[in-house]
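Working notes for the structure below.
Since every read-out is calculated from the coordinates, none of them should be taken as a lab result. If you're wondering where the values come from, they're calculated on a predicted model, not measured in any experiment. Quick reminder, even Gly has a Cβ in these numbers, built from the backbone with ideal geometry, and neighbours come from all protein chains shown.
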Amino acid sequence: MWLHPDLTLTHITHLLLADLTRWQVKGLLMDLDNTLMPSHSGKVPPEIAAWLDAMHGDGIQMAVVSNNKNLVYTEHAAKILNLPVVAHAQKPRRAGFHQALRILQLAPAQVAVIGDRPLTDIWGGMRLGAKTVLVRSLSAETEPRIFTLCRAIERLSLKPATLRHDL
């Protein structure tokens, strides 16, 4: 099976309001670790914080859907992001995504799923029936080589062409 994200971007901040408008998307379901903040850092990079503020200001609803099981960490992330966080979502299963949709009161066709992992975030978003955006991992430059190798293998599941590709 080929996974086909609607967009493949270097960084989450490269997602434009124009993309969401074209898709008629009103909400974002975003991965936490390596998408919104470096893994287990508990810190949001300033450019991502500014992007989140801009999206919020443009009326985009947002929630985080994370496979992270550490509730202390995910509750901390919810506070600093000022967003609802669905933890232990077990992506690519749909239950965590549906929980976030209920919080936002949106349908799958009204959201885009954003994440750095094809086999969890993108596959889960495709199973949900949402638009999908694959971004490069925030920790790609600093993570251990075994993770880099695993990511390269995982990306073999991707269909070669996407609408806009800046990776």
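On alpha carbon coordinates alone, what is the Rg over Rh value for the range 1-98, Rh being the Kirkwood radius? Before the final figure, lay out the partial values.
Details: Rg = 13.4 Å, Rh = 14.2 Å.
Rg divided by Rh gives 0.95.
Starting from the Cα of L16, step 7 Å along the direction of its Cβ; do the same at A54; then give the gap between the two resulting points in nm.
1.1 nm
I need the chymotrypsin sites (Phe, Trp or Tyr not before Pro) found in the range 1-92, filtered to DSSP loop residues with at most 11 other beta carbons within 10 Å of theirs. Walk me through the numbers before you get to the answer.
Numbers: sites: W2, W23, W51, Y73; in loops: W2.
Loop-located and lightly packed - W2.
Checking the cross-link filter: which lysines have an alpha carbon closer than 23 Å to that of K79, excluding same-chain neighbours under 8 positions apart?
Correct list for K79: K26, K43, K69, K91.
Name the long-range amide H neighbours of L3: under 5 Å, sequence gap of 5 or more, or other chain; modelled H, no Pro or chain starts.
It is L158, K159, by chain and number.
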